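Heads up: the structure comes next, in structure tokens.
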2 protein chains.
Amino acid sequence: MIDRSCPGAIEPILEILDGKWTLLLLLELFNGTKRFGELRRKLHPISPKTLTDRLRLLEDKGIVTRTLYPGVPLHVEYELTERGQRLQPIFAAMWAWVQENGVCPGKEAENISPEEAGSL
Amino acid sequence: MIDRSCPGAIEPILEILDGKWTLLLLLELFNGTKRFGELRRKLHPISPKTLTDRLRLLEDKGIVTRTLYPGVPLHVEYELTERGQRLQPIFAAMWAWVQENGVCPGKEAENISPEEAGSL
DNA sequence: CCGAATCCACTAAGATACTG
DNA sequence: CAGTATCTTAGTGGATTCGG
């Protein structure tokens, strides 16, 4: 069972995953290193400010690294740290839940068997 | 790999888990049926308005049920649905991550081996 | 091309008082 | 007891512009 005292608290991760775009942003980064503009296009219509804010926060939390390749034009890459990679099971769990319980237009979830959907 | 098209999207769950208090609220409900006042105390200092807002939204999404026991004094209970119970693996994954990577005051995470911390 | 800076808008959340 | 009503506040996110 889950305890709210220090060793079992989940608060630390709430700070990391908070924010409208954070989950989708991490989802993109699980697919590999990405450049700023790439992320911006994939997360359209996110604003550059918001994208920067989120990336900085994740950087502070040790979830992503920012690598600057000097030169013109500028080139910046964002990549998940080890710590960040380890977040993947959480997303896998969310993804699995949506498979079983999420609603897609015109298709109620209860039709697919948990066995079938559980193969991740 | 995770796909952003309909069958693989995680957006539906983002709507459910969104909000400052939602995760903590669900955490309480995993421990069993709870009354309004109970939740209010455990989630202190949440305001009654916010608590109501969140509970109503979760009710709409089919995550919790609201049961009214008429009489004076009034008595209302909130309980997770089956669908809500199935969210538990997500929390377990978050909890596991915090065990391995979360920071508790005065204790950096990298000291404990993944093997040791991974026993859930 | 990347992203910092500024300003504005929206909405979640808080405070407080009151009702079935 | 379990909310509702109303108002206010504050935190994000959006739009735009500018600099390295």
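Quick notes on this one:
- Inter-chain Cβ neighbour count for B:84-91, averaged per residue, equals 4 (cutoff 10 Å, partner chain atoms only).
- Label point 7 Å beyond Cα along the C-beta direction, distances from A:P73 to other copies (nm, shortest first): 6.5
- For residues of A:28-35, the mean tally of beta carbons on other chains within 10 Å: 1
- The simple spin-label model puts a point 7 Å past each Cα toward its Cβ; for A:R41 and A:R56 those points are separated by 2.6 nm.
- Pairwise inverse Cα distances across segment B:22-101, averaged and inverted, put the Kirkwood hydrodynamic radius at 13.4 Å.
- Each other copy holds its own label point for A:K42; taking that point as 7 Å from Cα along Cα to Cβ, the gaps run 3.7 nm, nearest first.
- Rounded to the nearest 10 square angstrom, A:H44 shows an accessible area of 140 square angstrom against a 1.4 Å probe.
- Each copy carries a label point for B:E11 at 7 Å from Cα along the beta-carbon vector; from one copy to the others these points are 3.4 nm apart, nearest first.
- Closest Cβ on chain A to the rotation axis that carries it onto B (distance rounded to whole Å): A:A93, 2
- Look at the dipole of segment B:12-83 built from charges on Cβ: of B:I46, B:L27, B:V76, the Cα furthest out on the positive end belongs to B:I46.
- Rounded to the nearest 10 Å², the accessible area of A:E59 at probe 1.4 Å: 70 Å²
The values are calculated or read from the model by the stated rules, or taken from the named source; none is laboratory data. Model, not experiment: these values are computed from the prediction. Here the Cβ is made from the backbone with ideal geometry for all residues, glycine too, and neighbour counts use every protein chain on show. To get the accessible areas, we keep the full protein, side chains included, count just its heavy atoms, and leave off ligands, DNA and RNA. Shrake-Rupley method; radii C 1.70, N 1.55, O 1.52, S 1.80 Å.
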